[in-house]
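Notes follow once the structure below has been shown.
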Amino acid sequence: VQLQASGGGLVQAGGSLRLSCAASRSILRTHIMGWYRQTPGKQRELVAGITGGGTTDYADSVKGRFTISGDNAMNTVYLQMNSLNPEDTAVYYCYWRSTLSGLEYWGQGTQVTVSS
């Protein structure tokens, strides 16, 4: 599975960005696509994920501010990020995972920078 991420950038605190991740295949109910993020010196943390069936999961730190969704074909996943704050600054990585096999694929990171 190939993943192509896009949509990062620089935004002021309180602003919004939307990340996109296009996969080379649609995700099924046994697949999860989503986003992790990482800042220097810290472990990569889960931001949000969505299954092919539409079940979503969010980190507590982004609940109510971020929304993950997929297109009708479920081969592109979006992360709408609202009310951004400087703590959201990180490199965001798109991932694809099979819940059956554990197989994972990662896209290239996209930088999100939130200025105060």
Completion exercise
Those strands (runs of 3 or more DSSP E) completely within region 29-89 that have 1 or more residues that are at pLDDT 95 or above and open to solvent by less than 40 Å² (accessible area, probe 1.4 Å) are 31-38, 45-51, 66-70, 76-81
Fill in the blank from the handout: Only one of R25, R18 is under 12 Å from the mean Cα position of the chain (by Cα) and open to solvent by 40 Å² or more (accessible area, probe 1.4 Å), namely R18
Completion exercise
In the set Q4, Q12, the lone residue that is within 19 Å of Q108 (Cα to Cα) and open to solvent by 20 Å² or more (accessible area, probe 1.4 Å) is Q4
Problem - Yes/no for S83 being among the polar types (S, T, N, Q) and free of Cβ contacts under 8 Å to residues at least 40 places away in the same chain - result: no
Practice task
For V47, work out the one condition from (1) touching a Leu at 6+ places or on another chain (Cβ under 8 Å); (2) over 18 Å from V114 (Cα atoms) it doesn't fulfil.
Solution key: (2)
Problem - Contacts under 6 angstrom Cβ, first residue in region 17-33 being touching a residue at least 60 places away in the same chain (Cβ under 8 Å) and closer than 13 Å to N72 by Cα, partner open to solvent by less than 40 Å² (accessible area, probe 1.4 Å) and outside any strand (DSSP E or B), 6 or more apart - result: I27/G52; I27/M74
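The values are calculated or read from the model by the stated rules, or taken from the named source; none is laboratory data. None of the values given here were measured: they were computed from a predicted structure. Quick reminder, even Gly has a Cβ in these numbers, built from the backbone with ideal geometry, and neighbours come from all protein chains shown. Remember, those area values only see protein heavy atoms, side chains included, never the ligands or the DNA or RNA. Shrake-Rupley method; radii C 1.70, N 1.55, O 1.52, S 1.80 Å.
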